[in-house]
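As structure tokens, the structure follows; a few thoughts come after it.
The values are calculated or read from the model by the stated rules, or taken from the named source; none is laboratory data. Bear in mind the structure is a predicted one, so any value in this text is a computation, not a measurement. Heads up, the Cβs are rebuilt from the backbone with ideal geometry, glycines too, and the neighbour counts pull from every protein chain shown.
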Amino acid sequence: MPDLAYQIERLQVRRGNDSLLDCQQLQIPAHRVTAVIAAHAPEHSLLLQALAGAHGRQQGRLFGQPLPQAGRHDARIAGLAPAATNPRQRLCDYVLQDRLPASRWLLRPSPLDRDAATLALRLVALEAQAGQRLANLTPSEQQLARIARSLTQPAPLLLLDQWIAHLSAQQQLLLMQRLARLAPTGRTIICTLPEHSPAASHAQWLVLLAGGRLLAQGSPAQLQPAASGHPPYHAAPFASPPDHQRLAA
């Protein structure tokens with residue numbers, strides 16, 4: 001049985017008397033790339049927000065410990081970095097911003113910080129632009145810079161919501177491939193994707209939402225019927241028997 005990042009007994013998001021999202025027995029593996037796909041975009045964003053603790057207390061565990069709580073910083077989690085506000089800032093400095101606490105902003109980054117920034121920029125194919133000012137980057141490069149800044153943070157869990165804005169299909173595919181290679185080194189990555197996104201083929205785990213509920217979860221191979229329009233296989237992916245319900249290594 002693979003290790004779990006999230007083991008959710010029940011997750012609910014409500015607005016007044018209306019249920020916006022209700023997921024039971026949601027399980028997300030550690031050290032994998034999980035894509036959350038929904039027919040309606042707000043649903044997958046709501047799920048990531050709830051996993052980060054933004055919608056009240058939920059029933060479950062994260063890395064075997066209590067789930068995040070609203071209003072409290074959780075060092076286990078990093079989200080998509082905010083868009084840059086200073087167009088004159090250099091890309092390398094922007095990417096390092098979350099690694100340098102406010103008390104150190106006048107100090108030079110350590111070699112470890114610089115290595116983290118270099119690796120992140122290399123992963124998103126922006127290493128050659130490290131010295132450029134943000135104003136000189138294209139919209140897609142600025143979006144990739146946000147992802148690189150997120151990757152420099154030491155948090156073991158990365159939640160990427162709406163991360164594909166301004167990215168071409170080719171850029172999405174390349175980035176998903178690289179994230180899938182990064183994840184087994186110790187990063188758990190959960191990202192949102194629209195329906196029928198070709199990038200989903202490179203995710204190692206899928207969570208499908210429909211009508212505000214968990215429709216199915218499992219590996220892409222397990223959920224292929226759901227993608228082709230046939231009745232989906234509702235995986236119980238972490239039960240011991242049978243073997244086809246186990247996450248592929």
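Kindly evaluate Asp74 against the criterion of being surrounded by 14 or more Cβ atoms within 10 Å (Cβ to Cβ) and not in a strand (DSSP E or B). Taking the combined requirement at face value, the residue satisfies it.
Determine if segment 159-179 includes at least one residue that is assigned by TED's automatic domain parsing to the domain that holds Ala52, surrounded by fewer than 19 Cβ atoms within 10 Å (Cβ to Cβ) and touching a His at 6+ places or on another chain (Cβ under 7 Å). Yes. Does segment 198-214 hold any residues that are surrounded by fewer than 18 Cβ atoms within 10 Å (Cβ to Cβ) and within 29 Å of Arg14 (Cα to Cα), and which are they? Scanning segment 198-214 gives Ala210, Gly211, Arg213.
The single condition among (1) out of contact with any Ser or Thr (no Cβ under 7 Å at 6 or more places or on another chain); (2) in contact (Cβ under 8 Å) with a residue 40 or more places away in the chain that Leu112 does not meet is (2).
Per-residue answers, yes or no, for (1) closer than 30 Å to Leu208 by Cα; (2) out of contact with any Phe, Trp or Tyr (no Cβ under 8 Å at 6 or more places or on another chain):
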| residue | (1), (2) |
| --- | --- |
| Gln58 | yes, yes |
| Leu62 | yes, no |
| Arg72 | yes, yes |
| Ala81 | yes, yes |
| Thr85 | no, yes |
| Asp93 | no, yes |
| Leu112 | no, yes |
| Thr138 | no, yes |
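With respect to Ala145, is the statement that it is part of a loop (DSSP other than H, G, I, E, B) and either at pLDDT 95 or above or assigned by TED's automatic domain parsing to the domain that holds Leu46 (or both) true? Answer is no for this residue. Evaluate segment 130-140: report whether one residue or more is assigned by TED's automatic domain parsing to the domain that holds Tyr94, buried (at least 20 other Cβ atoms within 10 Å of the Cβ) and not small (Gly, Ala, Ser). Checked against the condition, which is being assigned by TED's automatic domain parsing to the domain that holds Tyr94, buried (at least 20 other Cβ atoms within 10 Å of the Cβ) and not small (Gly, Ala, Ser), segment 130-140 yields at least one hit.
Whether any residue in segment 80-99 is touching a strand residue (DSSP E or B) at 6+ places or on another chain (Cβ under 8 Å), assigned to a loop (DSSP other than H, G, I, E, B), touching a residue at least 24 places away in the same chain (Cβ under 8 Å) and acidic (Asp, Glu) is what I want to check. Yes: one or more hits.
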